[in-house]
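To start, the structure itself, in structure tokens.
The values are calculated or read from the model by the stated rules, or taken from the named source; none is laboratory data. Small disclaimer: the values here were computed from a predicted structure and weren't measured. Here the Cβ is made from the backbone with ideal geometry for all residues, glycine too, and neighbour counts use every protein chain on show.
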Amino acid sequence: MQIWIIRIAFTLFGGALGFIISDLTGGVIGFFVTVILVGIESSISRPLLRDLFACFAGLTFGLIVAGLIIYIIRTTTGAILPEVTAGIVLSCGYVGTMIVYRRRDAFALFSLTTHGLQSKSPTIKILDTSVIIDGRILDICQTGFIDGMFVIPRFVLNELQHIADSSDLLRRNKGRRGFEILRLMQNNPDIDVEVTEEDFPEVPEVDAKLIHLAQEIGAKIITNDFNLNKVAELQGVTVLNINELANSVRPVVVAGEVIQVRVLREGKEPNQGVGYLDDGTMVIVEYGRQYVGQTIDAIVTQTLQTTAGRMIFTRTKTDEMDSDEPEDVRSYSRSWPRKPNGASSY
């Protein structure tokens with residue numbers, strides 16, 4: 001909103017200046033010239049503006065150096081050929097422009113972000129709303145596996161505030177949990193958290209704002225949002241997905257291995273129990289219905305990877321023949337885990 005106020009004020013100033021110089025005709029010309037300039041400026045992306053500014057600064061530096069060289073030559077020799085002067089100006093101007101342009105990421109002067117964020121820094125990670133609400137980022141940071149600066153844009157905080165003010169109790173609790181996670185991260189001296197006021201008023205979607213900000217400062221995005229993950233990767237932004245990290249560090253179990261699982265409820269199929277590992281992996285326990293509420297040793301029969309996550313099928317170590325279910329029920333229960341579409345009932 002602020003940027004449009006500046007643009008409108010500049011347009012009015014251009015019209016007023018033209019009117020002062022040449023009455024009504026000058027005012028109309030000044031107004032339309034400023035409108036064209038504002039239109040060109042608003043259509044140019046921020047990274048391009050940064051690059052143009054770097055080129056202008058490099059050209060200025062090169063011309064200053066050329067002026068010093070020409071001055072030294074004139075004071076020492078008394079004269080200098082026009083061809084030599086032109087060559088020095090062109091050479092220094094080009095060299096200065098290219099040096100500053102190629103090294104523009106090393107100068108904080110050319111960074112358009114707040115809080116002194118330097119462009120293309122590989123240690124900057126942007127947190128989105130989903131990963132803040134999830135809360136596991138705090139535990140990961142405390143272990144030291146992810147370091148560097150964590151940036152929270154103001155528009156993410158605004159979205160989190162909107163969730164916390166929701167009339168829905170579940171969404172309201174999620175928003176408050178997100179603010180609590182941020183408070184714990186900011187109070188941890190080992191975690192570097194910065195809030196940036198950088199915004200893109202012309203971009204309405206929060207996900208698109210995150211991608212623009214990541215491209216501008218060369219940062220990575222930490223998220224749990226599958227759609228944001230794919231869109232960012234298509235635009236060349238590196239994404240760190242907490243869910244993918246959790247999947248990669250899950251304990252690997254093989255058929256025949258004995259695991260401990262607490263049976264929490266009955267399964268959808270006869271004589272089955274359902275439990276979960278510490279990381280949330282669902283465990284289907286054949287002949288486990290009678291052990292609901294107990295922690296038992298179960299033998300892994302197979303694992304199944306679904307779009308919802310990983311499922312582990314097991315059976316109790318007790319002899320199957322000890323079950324008090326009829327034989328036809330036991331036969332059906334034994335055959336069910338081998339059907340992949342059985343996972344859809346969970």
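Looking only at residues in region 109-165 that are more than 16 Å from the chain's Cα centre (by Cα) and among the small types (Gly, Ala, Ser), the one that is modelled with the highest pLDDT is 164. With respect to the conditions (1) in the same structural domain as residue 314 (by TED's automatic domain parsing); (2) buried (at least 17 other Cβ atoms within 10 Å of the Cβ), residue 253 lacks only one, and its number is (1). Looking only at region 275-285, decide whether some residue is in the same structural domain as residue 129 (by TED's automatic domain parsing) and touching a residue at least 40 places away in the same chain (Cβ under 8 Å). No; the residues of region 275-285 include none that is in the same structural domain as residue 129 (by TED's automatic domain parsing) and touching a residue at least 40 places away in the same chain (Cβ under 8 Å). When residues in region 224-239 are screened for being assigned to a helix (DSSP H, G or I), free of Cβ contacts under 8 Å to residues at least 60 places away in the same chain and either under 18 Å from residue 124 (Cα atoms) or aliphatic (A, V, I, L, M) (or both), 5 of them pass. Among the residues of region 187-223, write down those that are closer than 17 Å to residue 156 by Cα, part of a loop (DSSP other than H, G, I, E, B) and among the charged types (D, E, K, R). Once the filter is applied, which keeps residues that are closer than 17 Å to residue 156 by Cα, part of a loop (DSSP other than H, G, I, E, B) and among the charged types (D, E, K, R), region 187-223 yields 197, 198, 199, 202, 205.
Across region 252-264, the number of residues qualifying as assigned to a strand (DSSP E or B) and either more than 16 Å from residue 297 (Cα to Cα) or over 38 Å from the mean Cα position of the chain (by Cα) (or both) comes to 1.
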